[in-house]
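Presented below is the structure to which this report refers.
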Amino acid sequence: MQKHEHWRAADNRIGLAFIAPFVVAALVFMVYPVLESVRMAFYYIDPLNPDGQRFAGLANFATLLGDPLFWSSLRNAAYWTFVSTILQAVLGVGIALLLHLPLRGISIFRGLLLFPYIVPTVVIALCWQWMLAPELGIVNHALRAAGIIDENIYWLSSPTMAMHSTIMLNVWKYTPFVTICVLARLQTVPTELYDAARVDGAGVVRRFIDVTLPQLAEVLAVVVVFRTIWTFNKFEEIYLLTRGGPGTSTFNLAIYSFEQSIANLRMGVGAATGVVMMMMLFAGSLLYMRIFRFQEDT
Amino acid sequence: MTPQARARARRWVGHGAAYVGLIAITLLICFPLMWALSTSLKPKAELSTAPTLVPHAPTLENYRHLITGKSQYFADGSTGYQPTTAPPQYFMQWFGNSVLVSVGSTLISIIISTLAAYSVTRFRYRWRMAVPYFSLLGYMVPSIILVFPLFMVMTRLGLTDSLWSLTLGYVSTTLPFCMWLLWAFFRGIPIELEEAALIDGASRLRVFWEIVLPSALPGIIAAAIFSLIVSWNDYLFARVFMNSVDHYPLTVGVMLFFEGVHVDWGLMMASAVLMTVPMAVLFMMLQRHLVAGFGAGAVKG
């Protein structure tokens, strides 16, 4: 990255004029909502009657801590995030290695790869619902035809299966993200390193462990932190497939917050959940900042 | 077998295995939508028979229902369905709403963040590095936190249930990553040309318009595509902000097809396909930019 010479300090006024719209938009659409949600966490708020707010102190947080559903949502979110992220990382690296091979026509495969990322979550959720439908769905049909199962699997209406079905959706949609990042990095690994390893008699596996993995370590760390944070916060990927059900077995914190705010009309409790999520997010971001520091001149 | 022949044979097998893997992955990626397409072309009776990928009697009936907007749905007189709750005749209206809202919020985000990215990378003032830091933090804030405070604001402004509330609401999610991506991109644009033009006496605005914008175009396009994708795909904001059925964007509208007693899978898959088409077209046209954007936005540029 080349270093820029900042010249002509005199026309800084234009610079400030150009940044002004961003500052206003950021204050209105990003800073304000976050601060407001922190404030809301300390109030009793009924969304149907926004002017009748009462100060609640820590009552909303007390409600959270005393609610078994909050704790099970947190556990679900942790499990969902952990399994999804691991699968995405492993599959993402594997696919990136495949796509890095010097094969004919490889660019077609590379091109297709990003496709899941652009498909609306609503669409994937509908497709999954249809494919996983117990009686008519293609998945159960295929498994029955292959003789693997005798009785239909209830992919979305038994608690464990529902959890893993949403994980599948999440992995399907976001593995490409990992692959693209890893592939970009792979293309910058100096080939001399491989040549040297080959001269030393290293086989494919040794070359992967000794050369490729250390080179990928940094980008993988960044990607995993990102994916962990984003996966933890996901709402639609679960809600659209299972609505948090059956029962409350696939609730995560985002769905819990949504249900408290919309179904129970307790926006304060919903906001308090958001504050808890933000605290976790903040810890994650600190980790991220530590892993890679900005190299920009200050 | 000579050593060369053995090496060649081994490479052949290796490549063969790689192709098998690649094709398997491609099938996994494509199957859900291929299946949706296939289902959408089947007449209703065929859905309950043993499924085949190629429809026996392909029909465009489902698409006709959605596009012509007539409520032929259950028009044969059966009573299991109330055509006022989730009528396919709103589909085109929802489609239009989605287009308006995602284009609108993308325009706003792109204009604001292009100006800001130029400012941050070409001028020197205190706190300017706060902009990319802040954007990075901003795009990790979950939407579920932003949505309710923004909803309260929209209520106060009297904007709930209007497309404006969505257009503005999406700015809160699209702006941070447009900003981050464009910042990374502008940093990489060599500055010499601009400098030369300025020394030759061109004005700042002219340099910005004639030199900087054209060279930043790939980055701007990448950011715009991402922004379009995010706002087109959103469900949460629309679900919270909108009340009346003719103001819904596609995502919330199409989910209404689920609410009835009968789930018409053919109709649902047809709407899934139609909903994906604009994004797929964008994707094919601008794939290279998209990949570039991924590189700049996700891994540090």
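The values are calculated or read from the model by the stated rules, or taken from the named source; none is laboratory data. Keep in mind the model is a prediction, meaning the values are calculated, not measured. Cβ atoms come from the backbone with ideal geometry, glycine included; neighbour counts cover every protein chain shown.
Restricting to helices (runs of 4 or more DSSP H) lying wholly in the range B:212-262: which have 3 or more residues that are closer than 18 Å to residue A:119 by Cβ, within 12 Å of the chain's Cα centre (by Cα) and modelled with pLDDT of 90 or more?
B:213-233
Restricting to the range B:236-283, and then to whatever is more than 20 Å from residue B:172 (Cα to Cα) and among the small types (Gly, Ala, Ser), can you tell me which residue is farthest from the other protein chains (Cβ to nearest Cβ)?
Out of the qualifying residues, it is B:244.
If you check A:205, A:211, A:225, which single one turns out to be under 22 Å from residue A:88 (Cα atoms), surrounded by 15 or more Cβ atoms within 10 Å (Cβ to Cβ), out of contact with any His (no Cβ under 6 Å at 6 or more places or on another chain) and free of Cβ contacts under 8 Å to residues at least 40 places away in the same chain?
From the options A:205, A:211, A:225, the qualifying one is A:211.
Given the conditions (1) buried (at least 20 other Cβ atoms within 10 Å of the Cβ); (2) in contact (Cβ under 8 Å) with a residue 24 or more places away in the chain, report the number of the one that residue B:256 does not fulfil.
Among (1) buried (at least 20 other Cβ atoms within 10 Å of the Cβ); (2) in contact (Cβ under 8 Å) with a residue 24 or more places away in the chain, residue B:256 violates only (1).
Going by the structure shown, is residue A:220 farther than 29 Å from residue B:282 by Cβ, crowded, with 16+ Cβ neighbours inside 10 Å, touching a residue at least 12 places away in the same chain (Cβ under 8 Å) and within 14 Å of chain B (Cβ to nearest Cβ)?
In short, yes.
Could you list, in sequence order, all residues of the range B:25-61 that are over 15 Å from residue B:268 (Cα atoms), facing chain A (nearest Cβ under 10 Å) and of a type in the set (A, V, I, L, M, F, W, C)?
Scanning the range B:25-61 gives B:25, B:28, B:29, B:30, B:31, B:50, B:53.
In the range A:33-64, which residues are more than 7 Å from every other protein chain (Cβ to nearest Cβ) and in a helix (DSSP H, G or I)?
A:35, A:38, A:39, A:59, A:60, A:61, A:62, A:63, A:64, listed by residue number.
Answer yes or no as to whether residue B:9 is modelled with pLDDT of 80 or more, more than 10 Å from chain A (Cβ to nearest Cβ), on the phi < 0 side of the Ramachandran plot and surrounded by fewer than 10 Cβ atoms within 10 Å (Cβ to Cβ). Let's see the steps before the verdict.
On the way: modelled with pLDDT of 80 or more: yes; more than 10 Å from chain A (Cβ to nearest Cβ): yes; on the phi < 0 side of the Ramachandran plot: yes; surrounded by fewer than 10 Cβ atoms within 10 Å (Cβ to Cβ): no.
So residue B:9 does not fit the description; no.
Restricting to the range A:190-235, what's the tally of residues that are of a type in the set (A, V, I, L, M) and more than 29 Å from residue A:81 (Cβ to Cβ)?
8
Is it true that residue B:66 is within 14 Å of chain A (Cβ to nearest Cβ), at pLDDT below 80, over 30 Å from residue A:96 (Cα atoms) and in a helix (DSSP H, G or I)?
No; evaluated as a whole, the condition is false for this residue.
Give the residue, chosen from B:111, B:144, that is aliphatic (A, V, I, L, M), at pLDDT 90 or above, touching a Gly at 6+ places or on another chain (Cβ under 7 Å) and closer than 21 Å to residue B:231 by Cα.
After applying the criteria, what remains is B:144.
Considering the range B:183-202 alone, what residues qualify as being loosely packed, with under 13 Cβ neighbours inside 10 Å and in a loop (DSSP other than H, G, I, E, B)?
Hits for the range B:183-202 are B:190, B:200, B:201.
Do any residues in the range B:164-175 that are more than 11 Å from chain A (Cβ to nearest Cβ) have Cβ atoms under 9 Å from those of residues that are among the charged types (D, E, K, R) and buried (at least 24 other Cβ atoms within 10 Å of the Cβ), where the two are at least six apart or on different chains, and which pairs are they?
Taking only residues 6 or more apart or on different chains, the pairs are B:166/B:234.
Of these, A:18, A:70, A:55, which one is modelled with pLDDT of 85 or more, of a type in the set (A, V, I, L, M, F, W, C) and under 31 Å from the mean Cα position of the chain (by Cα)?
Working: A:18 fails: under 31 Å from the mean Cα position of the chain (by Cα); A:55 fails: under 31 Å from the mean Cα position of the chain (by Cα).
None of the others qualify; the one that does is A:70.
Which number in (1) surrounded by 15 or more Cβ atoms within 10 Å (Cβ to Cβ); (2) more than 20 Å from residue B:113 (Cβ to Cβ) marks the one condition that residue B:244 misses?
(1)
Take the residues of the range B:115-133 that are touching a residue at least 40 places away in the same chain (Cβ under 8 Å) and closer than 29 Å to residue A:284 by Cβ: which is nearest to the other protein chains (Cβ to nearest Cβ)?
It comes out as B:116.
Would you kindly identify the helices (runs of 4 or more DSSP H) lying entirely within the range A:82-165 that contain at least 1 residues that are of a type in the set (Val, Ile, Thr), within 13 Å of chain B (Cβ to nearest Cβ) and under 17 Å from residue B:34 (Cα atoms)?
Working: elements: A:106-113, A:115-118, A:121-131, A:138-145.
Fully inside the range A:82-165 and qualifying: A:115-118, A:121-131, A:138-145.
Select from the range B:146-163 the residues that are out of contact with any helix residue (DSSP H, G or I) (no Cβ under 6 Å at 6 or more places or on another chain) and either buried (at least 17 other Cβ atoms within 10 Å of the Cβ) or facing chain A (nearest Cβ under 9 Å) (or both) and list them in ascending order. It would help to see each step written out before you state the result.
Step one: filter the range B:146-163 for residues out of contact with any helix residue (DSSP H, G or I) (no Cβ under 6 Å at 6 or more places or on another chain), giving B:152-153, B:155-158, B:162.
Hits for the range B:146-163 are B:152, B:153, B:155, B:156.
In the range B:28-47, is there at least one residue being in a loop (DSSP other than H, G, I, E, B), touching a residue at least 24 places away in the same chain (Cβ under 8 Å), more than 26 Å from residue A:176 (Cα to Cα) and touching a helix residue (DSSP H, G or I) at 6+ places or on another chain (Cβ under 7 Å)?
Yes.
For the condition of a type in the set (Gly, Ala, Ser) and either assigned to a helix (DSSP H, G or I) or over 25 Å from residue A:280 (Cα atoms) (or both), what is the one hit in A:244, A:201?
A:201
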